[in-house]
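Inspection log for the structure reproduced underneath, given as C-alpha cells.
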Amino acid sequence: MKVPVLDLKRQYSSLKHELDAAVLSVLESQYFILGPEVEALEKEIAAFCGAKCAVGCSSGSDALILALMGMGIGPGDEVITTPFTFFATAGSIAHLGAVPVFVDINPRTFNIDPAQIEKRITKKTKAILPVHLYGQCADMDPINAIARKRGLKVIEDACQAIGAEYKGKKAGSLGDMGCFSFYPTKNLNGMGDGGMVTTNNEELGEKIRLLRTHGAKPKYFHAMVGINARLDAIQAAGLRVKLKHLNDWNDRRREIAAMYDAKMSVNGITTPYVEGFNTPVYHQYVIRTQDRDGLIAALDKAEIGHMIYYPLPLHLQGCFANQGHKEGDFPHAERACKEVLALPIFPEMTQKEIAHVAETVASFAAGKA
C-alpha cells in the first residue's frame with residue numbers, strides 16, 4: 001500500500017466548493033492585496049490564538065523578520081535561538097545583520113533547553129527566539145522568566161504550532177510576539193505563501209502593520225523603512241475557510257499520533273515525548289532510531305513516505321561558518337539530525353494507512369531486536 005507523507009489533494013477535495021467560492025469572491029472583488037479578507041482573517045487568528053492583534057504578512061519567514069524589526073533588532077545585536085530548526089529561524093536574524101546565538105536542545109522534546117540559555121547571554125543580547133518544533137510548545141515559563149530578569153524580548157517561532165497549547169494558553173500568545181507560517185504543508189495551510197504575526201501589544205502590532213508596507217502611513221509617506229511583506233487576499237480567503245476546521249484537524253492528528261504511539265513504542269524506536277503541560281498539534285510525527293538508513297529502506301520498500309527534519313544543524317551550515325562552530329558544540333542537536341525521521345501524518349489518512357505505517361516500523365524494529 002502506497003502512503004504519501006502528505007496528500008493535500010484529499011483536503012482540497014473535502015473543501016472544494018467552499019474554497020472555490022472563496023477564491024471566486026476575491027476574483028470578483030478584484031481586491032487582491034490586504035483588504036477586507038485579510039482584515040477578517042487577522043481578527044479570527046487573533047481570537048483563535050488569544051492575542052489582542054494579528055498582522056497578516058507574506059510568509060512565515062517574513063513574519064520572523066517583521067517581528068525582529070519590530071523589536072529594533074539590527075546589526076551586531078544577538079538573538080538566542082536553537083540550532084535544530086528550519087533555516088528561516090536563524091536566517092531571519094542574520095538577514096537583519098544580527099547574530100544568531102545557538103543553544104542546544106532538550107533531547108526529548110527537540111525544543112530549546114531553557115537551562116542552557118542564560119550562560120549564552122551577553123551585553124549584545126536583545127531577544128530570545130524559541131521554536132515550537134514539530135507542533136509542541138517550548139517550555140516558555142523559564143524562558144520568559146529569564147527574559148524578564150535580563151530585559152530581553154521573546155519572539156515565538158510558532159510556524160509549526162498553530163493551535164498548540166502550553167499550560168492552557170495558545171502558541172502565539174506566550175511571548176512578546178508570535179510568528180506563524182501558512183505554507184501549504186502547515187496544519188493551517190494556504191494556496192501559496194503566507195504568514196502572521198501575533199502580539200498582545202497593540203502599539204507593537206501597529207508598528208508591524210507599518211513595517212509590512214514599506215513603513216508607509218498614509219500611502220507614500222514613510223515613517224520608517226519597512227519591507228514589502230503583505231498578505232494576498234486570495235490566501236486570506238482560503239485560510240478563513242480552513243480555520244473553521246483547524247481544531248478538528250488538530251484533534252485528528254493527535255488521534256493518529258496516539259495510534260502510532262501504541263504500536264511503535266518498541267525497542268529501537270523512540271516515539272515523540274510530550275511534556276505533561278503541553279497539548280501538541282503534531283505538525284510532524286517524528287521518531288528517532290539509530291539505524292535511520294535501515295528504517296528508510298524498509299519504508300521505501302513498503303511505499304511509505306518519510307522526511308528528515310533536519311539533516312544538518314544550523315551551527316554547522318556553511319553560511320554560518322564565520323561563527324567558528326564545530327561538530328560537538330551542540331551534541332543533542334547534532335545527534336538528533338542523525339536519528340530523526342518524520343512519518344506520514346495528516347488528518348485525511350485512513351485507518352489502513354495508519355496501520356500500515358505503524359506495522360512497518362514495528363516490524364523493522366522487531367527484526368533488529
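Restricting attention to segment 271-286 and to residues that are of a type in the set (A, V, I, L, M, F, W, C) and crowded, with 23+ Cβ neighbours inside 10 Å, the residue that is farthest from Arg254 (Cα to Cα) turns out to be Val286. Mind checking which residues of segment 173-191 are more than 26 Å from Phe32 (Cα to Cα) and surrounded by 24 or more Cβ atoms within 10 Å (Cβ to Cβ)? Scanning segment 173-191 gives Leu174, Gly175, Met177. Sort through Ala362, Ala358, Ala342 and tell me the only one that's within 20 Å of Leu133 (Cβ to Cβ), surrounded by 13 or more Cβ atoms within 10 Å (Cβ to Cβ) and touching a residue at least 12 places away in the same chain (Cβ under 8 Å). Sole residue among the options that is within 20 Å of Leu133 (Cβ to Cβ), surrounded by 13 or more Cβ atoms within 10 Å (Cβ to Cβ) and touching a residue at least 12 places away in the same chain (Cβ under 8 Å): Ala342. What do you reckon, is Ile308 β-branched (Val, Ile, Thr), free of Cβ contacts under 8 Å to residues at least 60 places away in the same chain, under 29 Å from Lys170 (Cα atoms) and open to solvent by less than 70 Å² (accessible area, probe 1.4 Å)? In short, yes. Where helices (runs of 4 or more DSSP H) fall wholly inside segment 18-116, the ranges with 1 or more residues that are open to solvent by 10 Å² or more (accessible area, probe 1.4 Å), over 30 Å from Ile146 (Cβ atoms) and modelled with pLDDT of 95 or more are 36-49.
Determine whether segment 155-167 contains at least one residue that is surrounded by fewer than 22 Cβ atoms within 10 Å (Cβ to Cβ) and part of a loop (DSSP other than H, G, I, E, B). Yes: one or more hits. Residues considered: Phe320, Phe346. Of these, the only one that is modelled with pLDDT of 95 or more and under 18 Å from Pro100 (Cα atoms) is Phe320.
Selection of segment 243-268 for residues being buried (at least 20 other Cβ atoms within 10 Å of the Cβ) and at pLDDT 95 or above yields Asn250, Arg253, Ile256, Ala257, Tyr260. For segment 121-152, filtering for residues that are part of a loop (DSSP other than H, G, I, E, B) and either surrounded by 12 or more Cβ atoms within 10 Å (Cβ to Cβ) or touching a Gly at 6+ places or on another chain (Cβ under 8 Å) (or both) leaves 9.
Only one entry in Lys126, Lys153 is basic (Lys, Arg), touching an Asp or Glu at 6+ places or on another chain (Cβ under 6 Å), farther than 30 Å from Phe346 by Cβ and touching a residue at least 60 places away in the same chain (Cβ under 8 Å), namely Lys153.
Residue count for segment 193-203 under the criterion of being more than 15 Å from the chain's Cα centre (by Cα) and open to solvent by 20 Å² or more (accessible area, probe 1.4 Å): the result is 4.
For Tyr166, the criteria (1) among the hydroxyl-bearing types (Ser, Thr, Tyr); (2) on the phi > 0 side of the Ramachandran plot; (3) in contact with a Cys (Cβ under 8 Å, 6 or more places away or on another chain) hold in every case but one, which is (2). Scanning segment 214-239 for residues that are surrounded by fewer than 18 Cβ atoms within 10 Å (Cβ to Cβ) and either of a type in the set (S, T, N, Q) or outside any loop (DSSP other than H, G, I, E, B) (or both) yields a total of 3. The numbered conditions (1) assigned to a strand (DSSP E or B); (2) surrounded by fewer than 18 Cβ atoms within 10 Å (Cβ to Cβ); (3) of a type outside the set (A, V, I, L, M) are all true for Glu206 except (1).
Filtering segment 313-330 to residues that are surrounded by 13 or more Cβ atoms within 10 Å (Cβ to Cβ) and touching an Asp or Glu at 6+ places or on another chain (Cβ under 9 Å) leaves Pro313, His315, Leu316, Asp329, Phe330.
Beta carbons closer than 8 Å, at least 6 apart along the sequence or on distinct chains, pair a first residue in segment 41-63 that is under 11 Å from Asp193 (Cα atoms) and in contact (Cβ under 8 Å) with a residue 60 or more places away in the chain with a second that is assigned to a strand (DSSP E or B) and open to solvent by 40 Å² or more (accessible area, probe 1.4 Å) for Ser58/Asn228; Ser58/Asp232.
Restricting attention to segment 287-304, the residues that are open to solvent by less than 50 Å² (accessible area, probe 1.4 Å) and under 25 Å from Asn187 (Cα atoms) add up to 5.
The values are calculated or read from the model by the stated rules, or taken from the named source; none is laboratory data. Since the structure is predicted, the reported quantities are computational estimates derived from the model, not experimental observations. Cβ sites come from the backbone with ideal geometry, for glycine too, and all protein chains shown count toward neighbours. SASA here: full protein model, heavy atoms, side chains in, ligands and nucleic acids out. Shrake-Rupley method; radii C 1.70, N 1.55, O 1.52, S 1.80 Å.
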